[in-house]
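Working notes for the structure below.
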Amino acid sequence: MKTRFLGKDKLEVSAIGLGCMGFTQSYPPYPDRKGAIETICKAVDLDVTFFDTAEVYSYGKNEDFIRNKPTGWARVYNSLSKEK
C-alpha cells in the first residue's frame with residue numbers, strides 16, 4: 001500500500017482510506033455492528049491505516065467500531081510497531 005504524509009506532523013497513513021460515515025448515518029441501509037467491524041478488519045488486512053471518521057457520526061459509535069480490539073487501532077498499531 002502506498003502511503004502519504006498527513007499534516008504538519010507528517011503522520012504517515014495509507015494513500016487509500018476508509019470513510020466510516022456510512023456505517024451509522026447518511027447512507028442507509030447501515031451495516032450492523034458485525035458488518036462494520038468486518039469491513040474495518042478487511043481494510044486493515046489490505047494495509048489501510050487511514051480511517052476517516054468523526055465523533056459527530058452517531059455520537060462516537062464509529063470510533064467504537066474502530067477501537068474494537070480485533071479491528072482497527074490495535075491491529076494498525078501492532079503492524080506499525082513491527083516496522084520500527
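Take the conditions modelled with pLDDT of 85 or more and more than 14 Å from Ile16 (Cα to Cα) and apply them to Gly35. Does it pass? Steps first, answer last, please.
Values: modelled with pLDDT of 85 or more: yes; more than 14 Å from Ile16 (Cα to Cα): yes.
Yes: the conditions hold for Gly35.
Of everything in the range 1-14, what is assigned to a loop (DSSP other than H, G, I, E, B) and touching a residue at least 24 places away in the same chain (Cβ under 8 Å)? Give them in sequence order.
From the range 1-14, those assigned to a loop (DSSP other than H, G, I, E, B) are 1-2, 7-10; that's our starting set.
The one that is assigned to a loop (DSSP other than H, G, I, E, B) and touching a residue at least 24 places away in the same chain (Cβ under 8 Å): Met1.
Taking into account only those residues within the range 1-38 that are under 18 Å from Gly60 (Cβ atoms) and of a type in the set (Ser, Thr, Tyr), which is surrounded by the most Cβ atoms within 10 Å (Cβ to Cβ)? So that I can check it myself, show each step before the final result.
Going through the range 1-38, the residues under 18 Å from Gly60 (Cβ atoms) turn out to be 18-26, 30-33, 36-37.
Those still in the list that are of a type in the set (Ser, Thr, Tyr) too: 24, 26, 30.
Details: Thr24: 20, Ser26: 9, Tyr30: 15.
Result: Thr24.
For the range 16-56, which residues satisfy the criterion of being at negative phi, out of contact with any helix residue (DSSP H, G or I) (no Cβ under 6 Å at 6 or more places or on another chain), touching a residue at least 24 places away in the same chain (Cβ under 8 Å) and outside any strand (DSSP E or B)?
Ile16, Arg33, Cys41, Ala43, Leu46, Val48, Ala54
Restricting to the range 1-60, what's the tally of residues that are hydroxyl-bearing (Ser, Thr, Tyr) and touching a Pro at 6+ places or on another chain (Cβ under 8 Å)?
Here is the first cut: in the range 1-60, the ones hydroxyl-bearing (Ser, Thr, Tyr) are 3, 14, 24, 26-27, 30, 39, 49, 53, 57-59.
Then keep just the ones that are touching a Pro at 6+ places or on another chain (Cβ under 8 Å); that gives 39.
Here the count works out to 1.
From the list Lys82, Lys69, Lys42, exactly one residue is among the charged types (D, E, K, R) and at pLDDT 85 or above. Which is it? First the steps, then the outcome.
Details: Lys82 fails: at pLDDT 85 or above; Lys69 fails: at pLDDT 85 or above.
The unique qualifying residue is Lys42.
The values are calculated or read from the model by the stated rules, or taken from the named source; none is laboratory data. Remember, predicted model here, so these are calculated numbers, not experimental data. Backbone-built Cβ (ideal geometry, glycine too); neighbour counts: all protein chains shown.
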